[in-house]
1. Which fully enclosed helices (runs of 4 or more DSSP H) of region 135-251 have 3 or more residues being closer than 22 Å to residue 335 by Cβ and in contact (Cβ under 8 Å) with a residue 40 or more places away in the chain?
2. Being out of contact with any helix residue (DSSP H, G or I) (no Cβ under 8 Å at 6 or more places or on another chain) and not in a loop (DSSP other than H, G, I, E, B) is the filter here, so list the residues in region 299-318 that pass it.
3. Could you run through region 266-298 and say how many residues are outside any helix (DSSP H, G or I), open to solvent by less than 10 Å² (accessible area, probe 1.4 Å) and either among the aliphatic types (A, V, I, L, M) or more than 29 Å from residue 163 (Cβ to Cβ) (or both)?
4. Residues that are open to solvent by 10 Å² or more (accessible area, probe 1.4 Å), assigned to a strand (DSSP E or B) and over 30 Å from residue 274 (Cβ atoms): does region 119-126 have at least one?
5. Look at residue 121 and say whether it is at pLDDT below 90 and closer than 28 Å to residue 366 by Cα.
6. Spot the failing condition for residue 174; the list is (1) more than 13 Å from residue 283 (Cα to Cα); (2) of a type outside the set (A, V, I, L, M); (3) over 19 Å from the mean Cα position of the chain (by Cα), and only one is missed.
7. Considering only region 184-228, how many residues are of a type outside the set (Gly, Ala, Ser) and within 27 Å of the chain's Cα centre (by Cα)?
Amino acid sequence: MSLAAESPSPSPSSSSGSDDFAALLDAELDLASAVDSASVGDPSTSPTSSDDEEDDDEDVVADVETVEQSSAKRRKVKVQYQDRETAIRPDEDSIGSSEDAQIKICPPHPGYFGGLCFRCGKRQDEEDVPGVAFGYVHKGLRLGTTEIDRLRGSDLKNLLRERKLILILDLDHTLINSTKLHDISAAENNLGIQTAASKDDPNGSLFTLEGMQMLTKLRPFVRKFLKEASNMFEMYIYTMGDKAYAIEIAKLLDPRNVYFNSKVISNSDCTQRHQKGLDMVLGAESVAVILDDTEYVWQKHKENLILMERYHYFASSCRQFGFSVKSLSEFMQDERGSDGALATILDVLKRIHTIFFDSAVETALSSRDVRQVIKRVRQEVLQGCKLVFSRVFPSSSRPQDQFIWKMAEQLGAICSADVDSTITHVVAVDVGTDKARWAVNNNKILVHPRWIEASNFRWHRQQEEDFPVKVKKNEKDKENDVAAATDAANGKVNDVVAAATDPANEKDKEDDVAPAATDPANEKDKEIDVAAAVTDSTNS
């Protein structure tokens, strides 16, 4: 029984725990089938005449030969992966002879395929439900906790041997932007955007998904990003979009199937509604880096997360997040690839990879944790800066609990509630406050809160002069700026600043949304997402 047809064939350059496990699972199931056949043909199980016994003896010989061939296949699979030194190494009981397979005692069952334990053949019942379904590896596959831990441990050894980490990639607003055809604006229609997307250009960046009535725009630099990242990481796609949508986008990003293979995780694979989790990844959390534009969906794995600046290309995307501005598509402009979001993050990933595998570090590779590396690199961004905030937060709130304060601290800055001689920056939206005037009189740097946000997304301290605190023309301007700063303090990151480096990129206002809102393929959850946007102030 072969399972290979269920998933794309693995390539030598991108084998993973899930891919290797699938190959070994094929061998296990073939063996189990042969053993069952031999048991049925055993002459000791039913009385027969002497003539029949001779025929049965011939059948037994044939069945034994079949079992031996299956055992040889299993040994061949084992040797093959040992030679490649990238294999998942099953325990001795599951690799032994056909006799071992017959006498192996379950429970605990390592896992099920099609409702049957792939070690003993027992049918799954209600008492055997615990475990995790890995439908993206093979439909009908469920693994128990012990087997998952074993696979992750083996995968960790293989990855570290190859000097690779794991990279989890979100799709919508991170690598791409999609829109429904019926959501295309009049301006986009007049510019012929749908006609442009219909052109058959494999090297293009704008595509029509005919079966889904959608347009998809690849983010600038994404192809080079994936190519270079694949040398440092084993990569997964993890989206809140539907499975069919995820697979179609994977084909656009990876037409030769060299980056992802079967490692495409969608909303149907998630174990918790509106949440993503590393429980679906057959790899250790200590080597997993996540790229996503939505922090909310990674509640249990924020330390693994690199928050991406959202990519808004289509007008519908701007409307979805409450922007009353023209989209990039309506301006017929785009992010610059050379210094845009993906190029910036690729440099960050290279630095994280270099630090993690630094040979000068005495700690064993298996004991290192990429989360500590991410934290260290992030803290270097505003290291040496001491900030005081002036009327950025609501007067009734505790400053230390505000999102922008926490963000600054994560970037390595020291935050203070009061001014003193050690302050380097005063963060304000109004030059008329006491602290703002103190900054001017004492030659301190007066800067807008967006400076912190931009530094966070760019992973580099931005030029302060690009984020001035402007003199208010009237009282209405002051109210608007205070409101904007309050939103930022509450975790609604406004105006994600790329304008300093890329005029084509509209300043990006982050809004509180539920996770599925980032995936246009998930239309039915929009009402829920809007509700979450109103009630949850922790999303950035």
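The values are calculated or read from the model by the stated rules, or taken from the named source; none is laboratory data. Here the structure is a predicted model, which is why all the values come from computation and not from measurement. Quick reminder, even Gly has a Cβ in these numbers, built from the backbone with ideal geometry, and neighbours come from all protein chains shown. Protein only, heavy atoms only, side chains kept; ligands, DNA and RNA dropped before computing areas. Shrake-Rupley method; radii C 1.70, N 1.55, O 1.52, S 1.80 Å.
1. Qualifying helices (runs of 4 or more DSSP H): 222-229.
2. Matches in region 299-318: 302, 317, 318.
3. Adding up the residues that qualify gives 8.
4. yes
5. Spelling it out, it is not the case that residue 121 is at pLDDT below 90 and closer than 28 Å to residue 366 by Cα.
6. (3)
7. Within region 184-228, residues that are of a type outside the set (Gly, Ala, Ser) and within 27 Å of the chain's Cα centre (by Cα) number 24.
Conditions tested, residue by residue: (1) modelled with pLDDT of 95 or more; (2) open to solvent by 60 Å² or more (accessible area, probe 1.4 Å); (3) hydroxyl-bearing (Ser, Thr, Tyr).
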| site | (1), (2), (3) |
| --- | --- |
| 375 | yes, yes, no |
| 387 | yes, no, no |
| 394 | no, no, no |
| 397 | no, no, yes |
| 405 | yes, no, no |
| 413 | yes, no, no |
| 442 | yes, yes, no |
